[in-house]
1. Please average, across the residues of B:27-35, the number of beta carbons from any other chain that are within 10 Å of each residue's own beta carbon, and give a whole number.
2. Pull out a ≥ b ≥ c, the square roots of the eigenvalues of the alpha-carbon gyration tensor of segment B:1-71, then state rounded if a/c is under 1.5, prolate if not and a/b is larger than b/c, and oblate in the remaining case.
3. Counting only other chains, what is the mean number of Cβ atoms within 10 angstrom of the Cβ of each residue in peptide B:54-66?
4. Average partner chain C-beta neighbours within 10 Å, per residue of B:137-143?
5. Compute the signed sum of charges (Lys and Arg +1, Asp and Glu -1) over the other residues within less than 14 Å, Cβ to Cβ, of A:Arg102.
6. Given the peptides A:226-234, A:168-176, A:122-130, B:37-45, arrange them by the average over their residues of other C-beta atoms within 10 Å, most packed first.
7. Among all the aspartates and glutamates, which ones have a C-alpha under 12 Å from B:Lys83's C-alpha, if same-chain residues fewer than 8 places away are not counted?
8. What are the aspartates and glutamates whose alpha-carbon lies under 19 Å from the alpha-carbon of B:Lys59, with same-chain residues fewer than 8 places away excluded?
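The numbers here are math on the coordinates, done by the rules we state, and not lab data. Everything numeric here is computed off the predicted structure, so don't read it as measured data. Reconstructed Cβ throughout: ideal geometry from the backbone, glycine too, with neighbour counts over all protein chains shown.
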Amino acid sequence: MARAAVLGRLTWRLAEVREVLPETPRVSSLELQVPDWPGHAAGQHLDVRLTAADGYQAQRSYSIASAPDGETVTITVERLEDGEVSPYLVGELRAGDQLELRGPIGGYFVWEVATGGPLLLVAGGSGVVPLMAMTRVLAAAPSGVKARLLYSSRSFEDVIFREELDRLAGLGKGLHVFHTLTRSQPAAWKGYARRLDREMMREVAWPADQRPLAYICGPTAFVESAAGLLVELGYEAARIKTERFGPTGG
Amino acid sequence: MAFISRGFKGRRREGAPSGRIPPGQYLADGFPVLSAGPTPRTKLSDWTFSIVGEVDTPKRWTWEEFKQLPSQEVTVDIHCVTKWSKLDTLWRGVAIDTLLEGVESAAEYAAAFSDGGYTTNVPLEDLTGGKGWIAYEYDGQPLAPEHGGPARLLVPHLYFWKSAKWVRGLSLELEDKPGFWESNGYHLYGDPWREQRYWGD
């Protein structure tokens, strides 16, 4: 379906913002109603285009957070203080506004039930967004695919989707979530409390002989580190898929 | 009337030279990284560069031999399909023209192939005539692995995914066969000035 969804020409569509949902102090989800949305697969992204009154335009790409659901598409956006587009999406946009977008984009960093597992999802910060779409697909259907999510955030309040992840992990559908908080931790925190390292990866990752499929998304240095650790643990390079956020963004 | 984003003013960048930023792009400060999998680590003693495919006699260089070839320093603007552009980037590498000297071929296309299995397709005329290089230095330093070192293809007039990282050779082809990103939704040719990002653009 991912392939079919990107086959045609990607036309710009006017979506309507249904709801703006604050997730953390710096991150919000935008629930969009997109007329004639062709459908998407977990892991794909879309392009947003903003147009000022004088015709000036700016485009950025955002990962889709939602599982396929008709014409409803949710993107989850982190506000970058020096960004041009994200402060508009997170600070200015409100329910009832329109937003121009096209997608879905990308046929590689995608996961569908038929892709199988076991799945290892490794997220740094807002890199959790495309992996959340995978988690939501996993939770929605009885696939029998086992998944582990290792999710690194700076602090407890920076954890995006925290309550939903707790709930999905509690469904007993084979999802396990492991958090690490790198800068500060609440009292009685039971998760990891340091940056991702070899020992943590070894404890969380499926053994390589189960031929797991890994998806890693986050800042460049985080992704480089996580992918390197998995190669050391014996994961096949071709079964480690990465997506990175550069030092710039929007 | 065209759509206007309510309340959006935009932040036109001071000092962004007009005529150098293609449509839909913005000027980046850093050097973002985009790749689909782990960064390959190939020892220089194991590294070779090959010209294969539709050629009478394939060519091959070791790292030592490759570094002996005449090189050029080039300053170019680069444009990534993920929207960032970077101006006046400084590279050193060997011109594809130099590598193809004396090569007899009816091919009109090239498939660049890389460590890690990445491939990308480029018409041969976009690599020759001073338009393409195999670059091994960036900004006066050996090219870092996350940016494609030890060597990457440099085709700056096309979107930067065409500038294959960790490149190990060119296969000359009679037909234009889609490479990795070109099979995954991205444009077969990738001209940033015509905004050829995705299939159908």
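1. Details: counts 1, 4, 3, 5, 4, 7, 10, 6, 7.
Counting Cβ atoms of other protein chains within 10 Å of each residue's Cβ and averaging gives 5.
2. Values: a/c = 2.87, a/b = 2.66, b/c = 1.08.
Because a/c hits 1.5 or more and a/b exceeds b/c, segment B:1-71 counts as prolate.
3. Neighbouring Cβ atoms belonging to other protein chains average 0 per residue here.
4. Values: counts 0, 0, 0, 0, 0, 0, 0.
Per residue, the number of nearby Cβ atoms from other chains is 0 on average.
5. On the way: positive: A:Arg9, A:Arg13, A:Arg49, A:Arg60, B:Lys83, B:Arg197; negative: A:Asp36, A:Asp47, A:Glu100, B:Glu195, B:Asp201.
Once positives and negatives cancel, what remains is +1.
6. Numbers: A:226-234: 18.7, A:168-176: 14.8, A:122-130: 27.3, B:37-45: 16.4.
Listed from highest to lowest mean packing, they are A:122-130, A:226-234, B:37-45, A:168-176.
7. A:Asp47, B:Glu195
8. B:Asp46, B:Asp97, B:Glu101, B:Glu104, B:Glu108, B:Asp115, B:Glu173
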